[in-house]
1. For region 1-20, give me each residue that is more than 11 Å from the chain's Cα centre (by Cα) and within 14 Å of the ligand (Cβ to nearest atom).
2. Taking only pairs six or more apart or across chains, which ones have beta-carbon atoms under 9 Å, a first residue in region 57-75 that is within 10 Å of L36 (Cα to Cα) and within 16 Å of the ligand (Cβ to nearest atom), and a second residue that is part of a helix (DSSP H, G or I) and polar (S, T, N, Q)?
3. I'd like the full set of residues that are farther than 16 Å from F88 by Cβ and within 11 Å of the chain's Cα centre (by Cα), limited to region 51-72.
4. So G108 clears everything in (1) within 11 Å of the ligand (Cβ to nearest atom); (2) touching a residue at least 40 places away in the same chain (Cβ under 8 Å); (3) over 24 Å from L170 (Cα atoms) except one condition, right? Which one?
5. Answer yes if at least one residue in region 79-94 is crowded, with 20+ Cβ neighbours inside 10 Å, among the β-branched types (V, I, T) and modelled with pLDDT of 95 or more, and no otherwise.
6. Assess whether Y80 counts as being of a type in the set (F, W, Y), within 12 Å of the ligand (Cβ to nearest atom), touching a helix residue (DSSP H, G or I) at 6+ places or on another chain (Cβ under 9 Å) and in contact (Cβ under 8 Å) with a residue 60 or more places away in the chain.
7. For the list (1) in contact (Cβ under 8 Å) with a residue 60 or more places away in the chain; (2) within 14 Å of the ligand (Cβ to nearest atom); (3) touching a strand residue (DSSP E or B) at 6+ places or on another chain (Cβ under 6 Å), I need the number of the one condition that V38 fails.
8. Among the residues of region 96-115, which ones are in contact with a helix residue (DSSP H, G or I) (Cβ under 7 Å, 6 or more places away or on another chain), part of a loop (DSSP other than H, G, I, E, B) and surrounded by 15 or more Cβ atoms within 10 Å (Cβ to Cβ)?
Amino acid sequence: MLVTGIAGSPFSHSRSRVLVEQILARFKDAGCRTELVVVGDIPGDALLSRSGAPELQNALDNIAAAAVVVVGTPVYKATYAGALKTLFDNFPQRFLAGKVAIPVATGGTSNHMLAVDHTLRPLMANEGAVSIARGVYAVDAEFTEGEPSAEVRERLNSAVIESLALAKGLMSLSSDTATTATLPSPW
Ligand SMILES: Cc1cc2nc3c(=O)[nH]c(=O)nc-3n(C[C@H](O)[C@H](O)[C@H](O)COP(=O)(O)O)c2cc1C
């Protein structure tokens, strides 16, 4: 099973990326293959559909092949980062149908912890993904020298356990009858 992480910060070194990487490491320990898409490493012109780029195609291929997608972003202006949205704008319709998604966000303040549920979750639902019940949110103060606290790491563990159970359920459903891919597009 392939698990693809998306690091949606415009910066290559970022807290939300660390959380995505640590989630991928847990999936690797559980026997999964993993890939990481770093939005900040994809040329801006390609993200804005002004040109093609192998980095963008490679990212789309790795997302298309995944059973589980880990979507990480910093909170910017009370929502997900625009850099992440430019990647989503390149997705064909219902690109995440049949996949399990783990929403992950970091922010400067706990005031915006609902950005995970009110902004990131609908973005993934629009593509057909089934998100786990509780996404992961961490504030900057929960990191020390780039490392998340034990409490945050516990949230990562729960997210991985829940998504593995959900992915197994979805896989057995799709080998059974009609899948979510047959649902009409919402727009
Ligand atoms: C342009 C900008 C806007 C931000 N807006 C918010 C915000 O609305 N709410 C919040 O809690 N943090 C906000 N932050 C803080 C970041 O979300 C926070 O530092 C986050 O951990 C950065 O993630 P990264 O290290 O993965 O890039 C903002 C930071 C920047 C640079």
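1. S9, P10, F11, S12, H13, S14, R15, V18 - these are the residues of region 1-20 that are more than 11 Å from the chain's Cα centre (by Cα) and within 14 Å of the ligand (Cβ to nearest atom).
2. These pairs meet every condition: V70/S163.
3. Matches in region 51-72: V68 only.
4. (2)
5. no
6. When the stated conditions are applied, Y80 passes them.
7. (1)
8. Correct list: L96, A97, G98.
The values are calculated or read from the model by the stated rules, or taken from the named source; none is laboratory data. On a predicted model such as this, the values are computed, not experimentally measured, just so you know. FYI the Cβ positions are ideal-geometry reconstructions off the backbone, even for glycines, and counts take in every protein chain you see.
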